[in-house]
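Below is one structure, written out as structure tokens; the observations come after it.
The values are calculated or read from the model by the stated rules, or taken from the named source; none is laboratory data. As the structure is a prediction and not an experimental result, all values here were calculated from the model. Cβ: placed from backbone, ideal geometry, glycine included. Neighbour counts: every protein chain shown.
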Amino acid sequence: MEINFIRFLEQRLADDPPKRKGARTRLLLLIAAANVLSEQGYHSLRLRDVTDRAGLAEGTIYAHFGDRPRVINEVMGTFLNDFLWNHLAAYSNLENRGRRAAAYSSLSQAMRHWFLLARENQGLMRSSYQMSDDEPTFASQIQLFNFNWTRQVTLAYLQDDADADMGAALLLTYAIKYMMNEMTRRLIIFPDPMLLGSLEKMGADDDVVADALSLIWLRLLYPDEPMPTGVTGLLKDVMSWIMPQGAGEASIPVPQIS
């Protein structure tokens, strides 16, 4: 499965070109707009830059889309609902492929793949954040996207446990989802120099961070699954924090909310 959205569109044009010339031109414009969004960002996109990139007359884009918002909505909608969703759906199945075998391995694969997607599509992901701040309709699409993914993961998790609480599982999955989103944002999309400096001192690359998040995911949603063996360094330290040896249940008073 292609992990770069622009190459995904180019592959679509090469492998299954639309029969109608107008549809082919529209796809060429989408590819050009995706390139400009990736390189310049949502706020800086100009329609003239898109047509120049596509090698077409400036009026062409108005004939096919009408205005700037429609071009951007088409690109970002395809990126979100066709491209990212297919990747996440495939790896959601991986994450929940049986709770009795290789749960950590599946989680780690999914998390590493997500970081790789973010690296390959950094500019478009940055544009999606910028656009959601400006466009309430697109922000709602992002929220629906996150809800659908979270619900799918939760339902897949609960299929083996008829007595589990849907509400509690959904809340935990949401918490992990937004932890993953925020780490992706700070690590890749809008890099946080302090975080990157700390990770560099730890010797932690994307894969190590992905594996650490997977340990947390495993501990929260798959508490009956064994932790991986043979881990060293930072991952071993993380594992000792979330599952210390000899830890047992303790009676902890629930704080009263006044």
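Look at the stretch 124-140 and say how many of its residues are surrounded by fewer than 19 Cβ atoms within 10 Å (Cβ to Cβ), more than 13 Å from the chain's Cα centre (by Cα) and in a helix (DSSP H, G or I).
Count: 8.
Kindly check whether there is at least one residue in the stretch 201-224 that is modelled with pLDDT of 95 or more, more than 20 Å from the chain's Cα centre (by Cα) and surrounded by fewer than 13 Cβ atoms within 10 Å (Cβ to Cβ).
The answer is yes; a qualifying residue exists.
Among the residues of the stretch 10-22, are any within 25 Å of Ser132 (Cβ to Cβ) and hydrophobic (A, V, I, L, M, F, W, C)?
Looking for residues that are within 25 Å of Ser132 (Cβ to Cβ) and hydrophobic (A, V, I, L, M, F, W, C), one finds none in the stretch 10-22, hence no.
Pick from Ala168, Ala164: which is modelled with pLDDT under 95 and assigned to a helix (DSSP H, G or I)?
None of the other options fit; the residue is Ala168.
Is it the case, given these coordinates, that Leu88 is within 24 Å of Met1 (Cα to Cα), modelled with pLDDT of 95 or more, out of contact with any strand residue (DSSP E or B) (no Cβ under 8 Å at 6 or more places or on another chain) and not basic (Lys, Arg)?
Spelling it out, it is not the case that Leu88 is within 24 Å of Met1 (Cα to Cα), modelled with pLDDT of 95 or more, out of contact with any strand residue (DSSP E or B) (no Cβ under 8 Å at 6 or more places or on another chain) and not basic (Lys, Arg).
Give me a count of the residues in the stretch 1-58 that are of a type in the set (Asp, Glu) and more than 20 Å from Phe83 (Cβ to Cβ).
3
State which residue pairs qualify: first residue more than 19 Å from Tyr129 (Cβ to Cβ) and inside the stretch 191-205, second residue of a type outside the set (Asp, Glu) in any location, beta carbons under 7 Å apart, and separation of 6 or more residues or different chains.
Leu199/Val209; Met202/Leu234; Ala204/Leu234
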